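Heads up: the structure comes next, in structure tokens.
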Amino acid sequence: MAERLNLKELSVKWQAKWAAAELFKTEDPLTSAKETYYCLEMYPYPSGYLHMGHVRNYSLGDVKARFERMKGKNVLYPMGYDSFGLPAENAAIQDGGHPHDVTEKNIDGIKQQQKLMGISYDWSREFATSHPDYYIWNQWFFLKMFGKGLAYKKGGLVNWCPKCNTVLANEQVIGDGVCWRHEDTEVEQKELEQWYLKITDYADELLADIDKLEHWPDRVRTMQRNWIGRSEGIDIHFPLDGTDKILPAYTTRCDTIYSVTFVVIAPEHPLVMELCKGTPQEEEVKRVVKEIRKQTEIERTSPEGKDKIGAFLGRYAINPVNGEKIPIWVANFVMMYGTGIVMADAHDQRDFEFAQKYDIPLKFVISDDGLPIDASKASRAYLNDGTLFDSGEWSGMNNREALPEMTDWLEKKKWGEKQVNFKLRDWLISRQRFWGTPIPIIYCDDCGTVPVPEKDLPIELPKQADFQAGGNPLATVEEFVNTTCPTCGKAAKRETDTMDTFVDSSWYFLRFCDPGNAKEAFNKKITEKFMPVDQYIGGIEHAVLHLLYARFFTKVARDLKMIDVDEPFARLLTLGMVTKDGAKMSKSIGNTVDPGEIIDKFGPDTARLFILFAALPDKELEWSDQGVEASHRFLQRVAALPNEVTYADGPTKHDTYVQSKLHSAIKGVTTEFENLRHSMAIQHLMELVGVLQKYKEGEVHKSLWDDALEALIKMLSPVAPHLCEELWAGLGHDSFVSVASWPVHDEEKINKHAEAAIEAVDALETDIRTVLNLANITPKKITLFVAEPWKFDFALLMKEQLEQTADPKEILSAIMSSPLKQYGQQITKLVPAILKDRSKLPEYLMQQEEESKLYESFTQELGERFNCDVIVEQAADSKEAKAKQAMPGKPAILVA
RNA sequence: GAGGGGGUGCCGGAGUGGUCAAACGGGCUGGGUUCAGGACCCAGUAGCUUAGUGCUUGCGCGGGUUCGAACCCCGUCCCCCUCACCA
């Protein structure tokens with residue numbers, strides 16, 4: 001075997017050549033005639049090193065970008081850095097220094113590694129969000145949104161992560177109430193005044209447009225739908241007994257209104273204390289509310305802490321539909337959602353349990369058959385749909401059918417008001433941290449909250465700050481904090497909160513279209529040529545967070561007339577995890593594999609090939625060292641393919657087969673790459689390499705061989721670009737394969753080889769399908785592929801020899817000197833087997849003769865039936881025989 | 001509880017009505033090559049059986065539709081993920 005290529009050295013060489021040629025620079029979309037294609041990976045937070053998840057992400061994107069480029073598109077494929085954020089600031093706090101320096105160092109580190117992978121980014125578009133020429137536009141967006149009332153400040157309970165030392169958005173609180181960055185840290189509630197973006201204004205559109213995202217994974221669409229959480233219902237107005245006040249209770253199930261026997265109010269609700277004031281139950285209520293407040297903390301840590309507790313407020317409400325006096329309770333299971341008050345009945349499990357615990361009367365109004373059932377004897381809530389009873393004029397109706405009508409009826413009677421509720425809350429963007437975009441607001445004693453005028457942007461972060469002081473370092477910088485009011489000119493103070501870094505990533509994909517623009521966030525004309533992103537690739541962890549915010553910002557930008565698209569990402573691919581030993585790669589478990597080491601040892605092409613081949617992109621990928629070596633082996637095999645080829649004078653008998661395989665590979669690889677099924681595309685390539693290796697064993701037809709080799713190198717180049725450049729140059733090209741044109745398949749050439757390979761002999765008599773298939777085709781020539789047609793001759797020869805001698809060696813050499821020697825391998829096995837029991841030879845001979853006659857008659861029959869030539873041919877090898885269904889006694893037929 | 005995705009060989013993982021004992025890769029076994037290891041090449045890898053062949057079982061479990069099912073339908077069990085006292 002030839003010596004192995006050093007794929008690492010190769011990659012360095014070609015990366016330098018690409019860079020020198022500026023090969024991957026996007027063309028100006030306003031002058032280029034090419035169709036644009038925008039491929040984007042979620043840009044990284046620069047932590048200084050690359051992990052396997054990154055490698056997977058970038059490899060997937062790069063294949064797509066290279067593929068589209070080779071198909072003649074003007075591809076926008078950029079890379080940048082999400083460089084604001086806590087880790088850099090924390091590093092500065094720990095080690096001294098400035099987050100800026102930490103960040104720049106980390107960007108250099110990660111960029112180095114990205115470049116080693118040979119990803120075909122247009123590096124001229126690179127930017128980092130922590131640079132003022134980027135974040136100035138965050139501030140600009142904020143001012144625009146402030147102007148439209150979409151950015152506002154309000155007080156209220158907010159999520160606070162004690163580790164981050166800052167507030168969090170609802171979306172950043174995950175799982176059992178923990179911080180998205182610190183899964184071991186419980187989020188606390190604090191009363192603070194904070195800046196919000198009014199994403200709820202777009203709730204309806206964000207929800208409705210999910211339907212347009214047909215190329216997004218269902219999972220993500222569902223998650224967004226759930227997060228927005230739209231529900232249609234009605235606020236039912238329960239008069240407060242003895243007053244003219246009303247208690248509104250939100251419900252989606254007003255069909256159960258006749259079963260309502262009590263009302264429950266959330267412990268945080270301001271009315272709780274007001275209502276119980278002066279009642280005998282006041283002290284008890286206070287005690288229970290206090291207990292609930294304490295309990296919620298414990299509840300968050302233990303998933304089992306869902307015991308329902310509550311207290312009677314000593315007051316009553318009136319059920320408007322039947323005038324019944326019903327008690328008002330406070331209970332821990334009611335949230336401050338909707339109106340913070342719910343109506344309770346026996347058709348809800350929680351209400352039911354609570355009522356049982358506190359002996360509150362219950363009644364049913366729905367049963368399977370509409371016959372009354374008694375709730376006092378029931379042990380659980382009745383949750384099924386069924387027929388209403390004891391429900392006034394609605395009795396006898398199916399409850400689901402009645403629901404919309406009852407809603408209208410309640411509203412008409414002025415007992416309630418239709419209401420749409422969303423779970424989505426406004427986006428809290430203030431962060432009490434230094435390393436983020438300063439919020440461009442000034443507080444003046446006289447003029448109040450004043451936005452910074454656009455001409456004064458950017459408000460830059462100070463070069464120095466005290467990171468050891470604790471709290472928000474920005475607040476310690478006097479020169480930053482103290483300013484003058486833009487309106488009245490008097491001394492004033494700047495807002496010291498910075499923006500959530502998710503603001504940065506909410507529009508960075510727009511900036512990539514026009515990254516150098518100093519006059520505006522991006523030019524509308526240019527950006528519209530690229531947007532929406534054709535293919536977006538990233539982790540599932542952003543299913544709600546980033547992807548929802550980005551959709552929101554896109555809609556805001558549209559309403560600001562900055563761009564004319566509704567949705568930013570046409571196709572979304574969410575990556576599966578990279579695991580090792582069955583667990584997600586993580587430093588704490590210690591099962592990580594350093595991409596740098598793999599690249600060093602096997603070269604970037606191997607790393608890319610393995611990671612693309614090992615699993616489909618959205619599936620979990622289990623790391624395997626053997627798999628990496630197998631990938632390396634494959635690349636070496638490809639590298640050796642052009643060596644030591646013997647050319648035939650003209651066509652060879654395998655040409656049609658090889659050509660058919662080549663074209664079906666082109667077809668397969670193309671569709672699989674189109675649909676981002678990289679591992680499947682690679683399978684086709686591996687198959688093709690196998691075919692070409694076999695082909696090479698004999699003499700090859702030069703023009704076909706060259707075509708096949710070129711096509712193979714082109715198709716492999718998105719996966720293993722460096723090796724393919726080398727091989728491409730080896731074929732005598734002085735251009736780059738990275739920008740060569742993608743091969744096109746010829747359907748006819750695929751079919752030429754095997755129009756129909758069908759089980760035959762007995763099939764002719766019995767298998768209807770065979771006849772039907774044949775009937776649909778007008779054959780010019782039929783080839784019968786027979787597994788081992790030589791066996792009849794062999795048996796004859798064998799018989800002849802046995803009559804002369806008994807020496808196995810002599811027999812063997814006699815056969816080997818006959819034309820049958822080409823089947824030597826099989827014969828050397830067969831001869832001893834037959835010698836073992838000679839008595840069976842006559843039978844064997846007969847069988848073979850029969851078989852051979854069968855072919856003869858079959859050949860004749862087919863010839864007559866279809867009026868064409870029929871020839872018998874040996875199937876080239878056992879695999880081919882299998883593929884063609886040729887077996888002894890059962891030839892395969894090939895119709896041409 | 002609601003929603004989403006899954007259960008295929010020793011393993012990863014294709015396949016969604018016939019050409020399926022099941023692509024492609026890995027592993028393992030045997031053979032070749034080699035001083036040896038690696039690499040490379042060939043064959044085998046559900047069970048029984050033959051010199052070649054063939055038969056049976058088989059794609060979580062049970063049933064159904066069909067000439068025919070890993071694939072369609074019904075039931076059932078299990079796993080993963082997301083949201084969750086949202087009324």
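The values are calculated or read from the model by the stated rules, or taken from the named source; none is laboratory data. Nothing here was measured: the structure is a model prediction, and the numbers come from that model. Counting neighbours? That spans all protein chains shown, and the Cβs are built from the backbone with ideal geometry, glycine included.
Computed values, structure above
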{"read-out": "Residue tally, condition farther than 21 Å from A:ASP241 by Cα and surrounded by 22 or more Cβ atoms within 10 Å (Cβ to Cβ), over region A:327-362", "value": "7"}
{"read-out": "Residue among A:GLU697, A:GLU687, A:GLU672 that is more than 8 Å from RNA strand B (Cβ to nearest atom) and surrounded by 14 or more Cβ atoms within 10 Å (Cβ to Cβ)", "value": "A:GLU672"}
{"read-out": "Pick from region A:406-427, criterion under 40 Å from the mean Cα position of the chain (by Cα) and in a strand (DSSP E or B), ranking: farthest from RNA strand B (Cβ to nearest atom)", "value": "A:TRP427"}
{"read-out": "Long-range neighbours under 8 Å by Cβ, at least six apart or interchain, first residue under 16 Å from A:LEU731 (Cα atoms) and touching a residue at least 40 places away in the same chain (Cβ under 8 Å) within region A:644-657, second β-branched (Val, Ile, Thr) and surrounded by 13 or more Cβ atoms within 10 Å (Cβ to Cβ)", "value": "A:VAL645/A:VAL700; A:THR646/A:VAL700; A:TYR647/A:VAL700"}
{"read-out": "Residue in region A:222-231 that is surrounded by 17 or more Cβ atoms within 10 Å (Cβ to Cβ), more than 17 Å from A:ARG551 (Cβ to Cβ), at pLDDT 85 or above and within 15 Å of RNA strand B (Cβ to nearest atom) present", "value": "no"}
{"read-out": "So A:GLU126, is it touching a Gly at 6+ places or on another chain (Cβ under 9 Å), touching a residue at least 40 places away in the same chain (Cβ under 8 Å) and over 25 Å from A:VAL452 (Cβ atoms)", "value": "yes"}
{"read-out": "Near pairs, Cβ below 8 angstrom, 6+ apart or cross-chain, from region A:284-305 (of a type in the set (D, E, K, R)) to any residue that is surrounded by 11 or more Cβ atoms within 10 Å (Cβ to Cβ) and at pLDDT below 70", "value": "A:GLU299/A:GLY305; A:GLU299/A:LYS306; A:ARG300/A:ASP176"}
{"read-out": "Qualifying residue in region A:512-529 (condition: free of Cβ contacts under 8 Å to residues at least 40 places away in the same chain, within 24 Å of A:ILE210 (Cα to Cα) and more than 16 Å from RNA strand B (Cβ to nearest atom))", "value": "yes"}
{"read-out": "The lone exception for A:LEU192 - which of (1) closer than 24 Å to A:PHE142 by Cα; (2) aliphatic (A, V, I, L, M); (3) within 14 Å of RNA strand B (Cβ to nearest atom) it fails", "value": "(3)"}
{"read-out": "Test: A:TRP394 is within 30 Å of A:GLY156 (Cβ to Cβ) and either among the small types (Gly, Ala, Ser) or crowded, with 21+ Cβ neighbours inside 10 Å (or both)", "value": "no"}
{"read-out": "Subset tally (residues that are more than 19 Å from A:ASN322 (Cα to Cα) and of a type outside the set (Lys, Arg)) for region A:353-372", "value": "11"}
{"read-out": "Residue within region A:590-611 that is within 30 Å of A:PHE512 (Cα to Cα) and in contact with a Pro (Cβ under 8 Å, 6 or more places away or on another chain) present", "value": "yes"}
{"read-out": "A:LYS493 vs. criteria over 42 Å from the mean Cα position of the chain (by Cα), charged (D, E, K, R), over 20 Å from A:LEU150 (Cβ atoms) and in a loop (DSSP other than H, G, I, E, B)", "value": "no"}
{"read-out": "Subset tally (residues that are more than 6 Å from RNA strand B (Cβ to nearest atom) and within 11 Å of A:GLY310 (Cα to Cα)) for region A:327-343", "value": "4"}
{"read-out": "Matching residues, region A:435-467, being touching a Gly at 6+ places or on another chain (Cβ under 8 Å) and not small (Gly, Ala, Ser)", "value": "A:TRP435, A:PRO451, A:PHE467"}
{"read-out": "Matching entry among A:LYS601, A:LYS584 (being touching a residue at least 12 places away in the same chain (Cβ under 8 Å) and among the basic types (Lys, Arg))", "value": "A:LYS601"}
{"read-out": "Residue ID - nearest to RNA strand B (Cβ to nearest atom), chosen from residues in region A:243-280 that are more than 45 Å from the chain's Cα centre (by Cα), assigned to a loop (DSSP other than H, G, I, E, B) and surrounded by fewer than 16 Cβ atoms within 10 Å (Cβ to Cβ)", "value": "A:LYS245"}
{"read-out": "Residue within region A:605-612 that is under 20 Å from A:ALA729 (Cβ atoms), crowded, with 20+ Cβ neighbours inside 10 Å and β-branched (Val, Ile, Thr) present", "value": "yes"}
{"read-out": "Every residue from region A:636-649 that is within 10 Å of RNA strand B (Cβ to nearest atom) and of a type outside the set (S, T, N, Q)", "value": "A:ARG637, A:ALA640"}
{"read-out": "All positions within region A:496-540 that are farther than 18 Å from A:ALA151 by Cα and assigned to a strand (DSSP E or B)", "value": "A:VAL533, A:GLN535, A:TYR536, A:ILE537, A:GLY538, A:GLY539"}
{"read-out": "Set A:SER703, A:SER660: member being hydroxyl-bearing (Ser, Thr, Tyr) and within 16 Å of RNA strand B (Cβ to nearest atom)", "value": "A:SER660"}
{"read-out": "Residue within region A:139-159 that is assigned to a strand (DSSP E or B), within 16 Å of RNA strand B (Cβ to nearest atom) and either of a type in the set (Gly, Ala, Ser) or touching a helix residue (DSSP H, G or I) at 6+ places or on another chain (Cβ under 9 Å) (or both) present", "value": "yes"}
{"read-out": "Residues of region A:557-604 satisfying the condition of being within 30 Å of A:GLN224 (Cβ to Cβ), in a loop (DSSP other than H, G, I, E, B), within 25 Å of the chain's Cα centre (by Cα) and among the aliphatic types (A, V, I, L, M)", "value": "A:VAL565, A:ALA570, A:MET577, A:MET585"}
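Residue by residue, here is whether (1) within 30 Å of A:PRO99 (Cα to Cα); (2) out of contact with any strand residue (DSSP E or B) (no Cβ under 7 Å at 6 or more places or on another chain) holds:
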| site | (1), (2) |
| --- | --- |
| A:GLY396 | no, no |
| A:GLU405 | no, yes |
| A:TRP409 | no, yes |
| A:LYS414 | no, yes |
| A:GLU417 | no, no |
| A:ILE429 | yes, no |
| A:TRP435 | yes, yes |
